[in-house]
Amino acid sequence: MNAVPASARNDRTAVVDAAMRVLAENGLPGLSMRRIADVLDVQVSALYWHFPNKQSLLAAVSERIVALGTADASDDLAAIATSLRERLLAHRDGAELVSSSLALGLLELPSRTQLEAAALAAGLDDTSAGIAADTLVHYVIGYTFHEQQRMHAAVVGAVDASVDLVPARVDDRGNAFDEGLEMVVAGVRAAAGPRVTRP
């Protein structure tokens, strides 16, 4: 077995740390292997000691973004979904990056596991609980992806920054995300209720 060259001795954690820094500074379009290598002061080839390709590195960054903390024990569907959204919003282009990793089957989303368990606890069967979890995940990621795109467009001057692209409130009860989430959760709860047998 060949010895790992000195330039490759940064561990996986250091590479992901560097990628997170590049993501924060340049966004997903600027998250290149060259920039990550520059942050670590190594050759690009050194990154491949830890990740076989860029997609696997992006998946590791996605894992970091969506990782659960010790305070994340919840069986409330809305709370789990809101926590996922907050994680995505905490990182530039977080929703787009996580969506890509999910679409390629490179990411196990801890929040989805939580949502499925919560749906089961609410009374859904295994199949329906999985559908409910996927629906909530897609709602959160889709909404947040559009939200982050609009915010970025305003920052770079592609749209008038004075235009409220993401309405903060739809009425006295809360914001548009919360309103939509309430509807989805209500649908999950209704699906868990008594089934009406059609003649």
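Each value in this text was obtained by applying a stated rule to the coordinates, not by laboratory testing. Just so it is clear, the model here is predicted, and its values are computed rather than measured. In this analysis, Cβ positions are derived from the backbone assuming ideal geometry, glycine residues included, and neighbour counts consider all displayed protein chains.
Under unit Cβ charges (Lys, Arg +1; Asp, Glu -1), what dipole magnitude, rounded to 20 debye, does the stretch 13-161 have relative to its Cα centre?
540
How much net charge surrounds Asn53 when only other residues with a Cβ under 15 Å from its Cβ are counted (Lys, Arg +1; Asp, Glu -1)?
Values: positive: Arg12, Arg34, Lys54; negative: none.
Local net charge: +3.
Around Ala24, with a cut-off of 13 angstrom between Cβ atoms, what is the net charge of the other residues, counting Lys and Arg +1 and Asp and Glu -1?
It works out to a net charge of +1.
Count charges around Gln114 for me, please; just the other residues with Cβ under 10 Å from its Cβ, Lys/Arg as +1, Asp/Glu as -1.
-3
With θ set to phi - 60° and the Karplus curve 6.51 cos²θ - 1.76 cosθ + 1.60, what are the ³J(HN,Hα) couplings of the stretch 25-39 in order, to the nearest whole Hz, using x for Gly and Pro?
8, 10, x, 4, x, x, 7, 9, 4, 4, 5, 5, 4, 4, 4
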